[in-house]
Amino acid sequence: MPTQESRREVRVPTRIFVNVTQNDQSQYLSRAVDLSSNGVQLSRLPEERPESRFAWLLFWLPTSSELIRALGERVHERDGEHLSFVGYRFKYLSPKHRVLLQQYLDVQTQRVRKAA
């Protein structure tokens with residue numbers, strides 16, 4: 001079910017893989033836990049610590065063959081025993097990618113509401 005906490009936008013649970021690139025060189029693969037029109041929360045291994053405040057996030061939505069490229073600003077981190085989580089706010093997303101993302105989120109939100 002979509003959740004809302006400090007974000008104003010509805011978060012949609014997801015399992016999308018995200019390639020995180022920091023400082024134009026350091027990369028690691030993460031999995032998105034939830035996604036909204038303004039950002040994404042990623043799960044990561046504890047040793048994959050974000051090095052910088054900003055990162056390029058690359059991912060495919062299940063409904064599109066277009067590679068989404070977003071500049072994310074790290075806004076929170078939370079450590080768990082086996083996994084850690086990091087939240088990124090989208091600072092840049094092309095207009096085309098923003099439309100694709102919103103279409104995906106609209107469909108997923110409707111599916112969750114119908115299932116409830």
Open item on the list: Pairs needed: first member in the range 27-43, within 14 Å of His76 (Cα to Cα); second member anywhere, among the acidic types (Asp, Glu) and part of a strand (DSSP E or B); C-beta distance under 6 Å; at least 6 residues apart or different chains.
Closed with: Gln41/Asp34
TODO: Filter the range 86-116 for residues that are without any contact (Cβ under 8 Å) to a residue 24 or more places away in the chain and small (Gly, Ala, Ser) and give the result.
DONE: Ala115
Open item on the list: Given the options Leu58, Leu83, name the one that is touching a Lys or Arg at 6+ places or on another chain (Cβ under 8 Å), in contact (Cβ under 8 Å) with a residue 40 or more places away in the chain and farther than 16 Å from Gln22 by Cβ.
Closed with: Leu83
- [ ] Have a look at Ser94, Ser65 and point out the one that is at pLDDT 95 or above and either exposed (fewer than 14 other Cβ atoms within 10 Å of the Cβ) or more than 13 Å from the chain's Cα centre (by Cα) (or both).
- [x] Ser94
Open item on the list: Return the residues of the range 23-41 that are within 14 Å of Ala70 (Cα to Cα) and either among the aliphatic types (A, V, I, L, M) or crowded, with 19+ Cβ neighbours inside 10 Å (or both); say none if nothing qualifies.
Closed with: Ala32, Leu35, Ser36, Gly39, Val40, Gln41
Task: strands (runs of 3 or more DSSP E) enclosed by the range 12-114 - at least 1 residues per element that are charged (D, E, K, R) and touching a strand residue (DSSP E or B) at 6+ places or on another chain (Cβ under 7 Å) - done: 26-35, 39-44, 67-79, 84-93
TODO: State whether the residues of the range 60-73 include one that is touching a Phe, Trp or Tyr at 6+ places or on another chain (Cβ under 9 Å) and closer than 15 Å to Pro13 by Cβ.
DONE: yes
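The values are calculated or read from the model by the stated rules, or taken from the named source; none is laboratory data. As the structure is a prediction and not an experimental result, all values here were calculated from the model. Ideal geometry is used to build each Cβ from the backbone, glycine not excepted, and the neighbour counts take in all protein chains shown.
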